[in-house]
Amino acid sequence: MLKGFKEFILRGNVIELAVAVVIGTAFTAVVTSIVNNLINPLIGAVFNAQSLDEALIWTIPTLDGGTSDVKLGAVIGAIITFVIVASVVYFVFVLPMNTLKEHAEAKRKAGQPDPDAPESELTLLSEIRDLLAERPTGEAHQPRH
């Protein structure tokens, strides 16, 4: 049972996922700080408020006679945070990876092998077949000592 767990933990995908979560968490903290400390005050100044959380508040009556606040500024702030995170993820991670894949695919279609790509099993088996075919026929059946 522990052997299977050890193999699972040491598998590359799990480590990569853990690194991605840690970096994503740190990145989200940076973006949240930028939005809360830079963008919110700038936009809040336009709406005469300390931040977006305090801007564009609609007070509506409730059924029991009280009031409730609808905080559109806070929603706008969350949307800005999302757009910034999504933009950075796209332009820093997705776009370069797609470009690399397109270049590799174009090379593959042009018949140029990718020097960094591992050889396929079919290629290796073909090479073994060709090497065996080059050997003299008597050599293949002689035992080695």
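The values are calculated or read from the model by the stated rules, or taken from the named source; none is laboratory data. Just so it is clear, the model here is predicted, and its values are computed rather than measured. Here the Cβ is made from the backbone with ideal geometry for all residues, glycine too, and neighbour counts use every protein chain on show.
Taking the criterion of being within 20 Å of Val89 (Cα to Cα), among the polar types (S, T, N, Q) and in contact with a Ser or Thr (Cβ under 8 Å, 6 or more places away or on another chain), would at least one residue in segment 59-78 satisfy it?
no
For Leu100, are the conditions met, namely being at pLDDT 85 or above, part of a helix (DSSP H, G or I) and on the phi < 0 side of the Ramachandran plot?
For Leu100, the condition - at pLDDT 85 or above, part of a helix (DSSP H, G or I) and on the phi < 0 side of the Ramachandran plot - is met.
Among the numbered criteria (1) under 24 Å from Ile23 (Cβ atoms); (2) at pLDDT below 85; (3) among the hydroxyl-bearing types (Ser, Thr, Tyr), which single criterion is violated by Ser51?
Ser51 satisfies every listed condition except (1).
Scan Arg129, Arg135, Arg144 and give me the residue that is loosely packed, with under 12 Cβ neighbours inside 10 Å, basic (Lys, Arg) and at pLDDT below 80.
Unique residue meeting the criteria: Arg144.
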